[in-house]
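Chemist: If you scroll down you'll find the structure; I have some questions about it.
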Amino acid sequence: MSNSQTISIETTIEVPEWVKADLFEQLLKDTFKDFQNIRSFKAMPGTKPGDNYATLMLRITLEVQLKDSTTKTVSYMMKLPHASEAYQEAWGKNKHSVFDIERDMFMIYVEEFKQLYRNVGLEVEFGAKCYKLDTPNEHVLLEDLRPRGFQSVVRKAGVDEEHTISVLTKLAQWHAASAVRVATKGLYPSHISDGLCNEDGKHLLSKMTDGMVPYILKTLSTMEGQEACAEDVKGLAGSITDKILQVAAIDPEDFNVLNHSDCWLSNIMFLYEKETGKLLDSYLVDYQMCKYGSVAFDLIYFLLSSPKLKIRIKKFDYFVKQYYDQLIKHLKLLNYSKKLPSLIEIHKSLLKTGIWGYFAICGVMAGTALEATETASFDNLFSDTPEGEAFRTILYSSNSFKEHLNLVLPWLSNRGALQNI
């Protein structure tokens, strides 16, 4: 960057002092062969409150001057850790940084999966490009997908059948490639395959499940006809985390894949044809909590949180079949060498892993139903403060959440997911 060039830095939120224009200079030189200097640098909030709890998301916009005096504008999405005590308690003591994990996912494993498809003549994309900046500070830097026409959707409304099947197709492609990768190269390292289901993640799992039981019970006490479900939840209290860890244990006899493990509408972007608005593709984002195991983890999580409420349960089995057909198609395409799973085996796994549905209720389903509020934050989700108490009360008591709960909780109960035996 030229010393004589004035850099305009515009920020609307507090940004760590190490996040500055000079940090991006080498990346820009690699991107633009006629790079001369950086004209301006802006850091703005990349998401709205409630869209992303686990990390601080910035949208970085830079205006670049080239040697012919023309300018180009480029933008990135930058994920950073929160500086709060609540965040450090949840993530700070982990053996492996969630930022290193996600960067490895994007730069190693996503690339491996894409190459598997290229080897059989198919181009499949799973997400944005990822970059590494020369800094010891924790970060993940991603391509901003908006200039390419990608959009997020209003998560509270949920998505229709077309969008749901698009995401399930992408999950099937991802799962198929991840299984073929294991069949050819062996298992993933533990920091990639464990997700939250280890000692590092147990505290956060407990906060999200057993820790939220009082709020769920308080809400159920105001809902007519939910007495039996309230008794189920009361009977589970204190053992939910252990049950989740039990079903998360890998059964080598099952069909296992690398689950995305956080597949909901805040972590999905859709590409539409500019002229017609036709849905063209869906991308998954946020690969920091992947978990090796049954496909049921992703299916339960996504299908209980993201389709429109009126089709969520009504078409659950239909959606599983649509996913299954795509899974088998892509396993065959990639010449999977092991036994193909049957649809019955997938359904058995969905029943066996039902407690993961309760985790989805406490987390993304509540987040999906939440009205926009400035108090939605990682700190308020977990901290023992009046502000945290107030936010969690709002999160689990809204009429929208009750509508979701009224549909999903009895369905889980009827499938045996809430039995404590």
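The values are calculated or read from the model by the stated rules, or taken from the named source; none is laboratory data. Since we're looking at a predicted model, the values are computed, not measured. FYI the Cβ positions are ideal-geometry reconstructions off the backbone, even for glycines, and counts take in every protein chain you see.
Chemist: I need every pair where a residue in the range 271-290 that is of a type in the set (G, A, S) has its Cβ under 6 Å from the Cβ of a residue that is crowded, with 22+ Cβ neighbours inside 10 Å and not in a loop (DSSP other than H, G, I, E, B), sequence separation at least 6 or different chains.
Modeler: Final answer for the pair search is S282/V167; S282/K170; S282/I268.
Chemist: Could you list, in sequence order, all residues of the range 154-168 that are over 16 Å from Y283 (Cα atoms) and part of a helix (DSSP H, G or I)?
Modeler: E161
Chemist: Sticking with this structure for a sec: Read through the list (1) without any contact (Cβ under 8 Å) to a residue 60 or more places away in the chain; (2) crowded, with 19+ Cβ neighbours inside 10 Å, then give the number of the only condition that I108 fails.
Modeler: (2)
Chemist: Another one. Scanning for something farther than 26 Å from I192 by Cβ and in contact with an Asp or Glu (Cβ under 9 Å, 6 or more places away or on another chain), does the range 282-305 turn up at least one residue?
Modeler: From the range 282-305, those farther than 26 Å from I192 by Cβ are none; that's our starting set.
Among the residues of the range 282-305, not one is farther than 26 Å from I192 by Cβ and in contact with an Asp or Glu (Cβ under 9 Å, 6 or more places away or on another chain), which makes the answer no.
Chemist: Still on this model: For S294, state whether it is of a type in the set (S, T, Y), closer than 28 Å to E123 by Cα, free of Cβ contacts under 8 Å to residues at least 60 places away in the same chain and surrounded by 14 or more Cβ atoms within 10 Å (Cβ to Cβ).
Modeler: yes
Chemist: Give G158, G149 a once-over and let me know the one that is under 27 Å from L303 (Cβ atoms) and surrounded by fewer than 16 Cβ atoms within 10 Å (Cβ to Cβ). Walk me through how you get there before you give the answer.
Modeler: Working: G158 fails: surrounded by fewer than 16 Cβ atoms within 10 Å (Cβ to Cβ).
Answer to the selection: G149.
Chemist: Go through (1) of a type outside the set (D, E); (2) assigned by TED's automatic domain parsing to the domain that holds L116; (3) modelled with pLDDT of 90 or more one by one and return the number of the condition N380 breaks.
Modeler: Going through (1) of a type outside the set (D, E); (2) assigned by TED's automatic domain parsing to the domain that holds L116; (3) modelled with pLDDT of 90 or more one by one, N380 breaks only (3).
Chemist: Okay, next question. For residues in the range 199-221 being among the small types (G, A, S) and within 20 Å of the chain's Cα centre (by Cα), which is surrounded by the most Cβ atoms within 10 Å (Cβ to Cβ)?
Modeler: Across the range 199-221, the extreme among qualifying residues is G201.
Chemist: Under 6 Å by Cβ, and 6 or more places apart or on different chains, what pairs join a residue from the range 114-140 that is farther than 20 Å from E25 by Cβ and in contact (Cβ under 8 Å) with a residue 12 or more places away in the chain with one that is outside any helix (DSSP H, G or I) and of a type in the set (D, E)?
Modeler: Correct list of pairs: A128/E143.
Chemist: Then there's this: So T375 clears everything in (1) in a loop (DSSP other than H, G, I, E, B); (2) surrounded by 20 or more Cβ atoms within 10 Å (Cβ to Cβ); (3) of a type in the set (V, I, T) except one condition, right? Which one?
Modeler: (2)
Chemist: With the range 279-352 as the region, which helices (runs of 4 or more DSSP H) entirely inside it contain at least 2 residues that are over 16 Å from V159 (Cα atoms) and in contact with a Ser or Thr (Cβ under 7 Å, 6 or more places away or on another chain)?
Modeler: It comes to 296-303.
Chemist: Considering each residue of the range 230-250, count those that are out of contact with any Leu (no Cβ under 7 Å at 6 or more places or on another chain) and of a type in the set (K, R), and give that number.
Modeler: So the answer is 1.
Chemist: Moving on to the next point. Could you check, for the range 239-251, whether at least one of its residues is in contact with a strand residue (DSSP E or B) (Cβ under 9 Å, 6 or more places away or on another chain), in contact (Cβ under 8 Å) with a residue 24 or more places away in the chain and part of a helix (DSSP H, G or I)?
Modeler: For the range 239-251, residues in contact with a strand residue (DSSP E or B) (Cβ under 9 Å, 6 or more places away or on another chain), in contact (Cβ under 8 Å) with a residue 24 or more places away in the chain and part of a helix (DSSP H, G or I): present.
Chemist: Do any residues in the range 319-333 that are modelled with pLDDT under 95 have Cβ atoms under 8 Å from those of residues that are assigned to a helix (DSSP H, G or I), where the two are at least six apart or on different chains, and which pairs are they?
Modeler: That search, which allows pairs on different chains as well, returns nothing.
Chemist: Would the range 177-192 turn up any residue that is assigned to a helix (DSSP H, G or I), surrounded by 16 or more Cβ atoms within 10 Å (Cβ to Cβ), touching a His at 6+ places or on another chain (Cβ under 6 Å) and assigned by TED's automatic domain parsing to the domain that holds E389?
Modeler: Yes: one or more hits.
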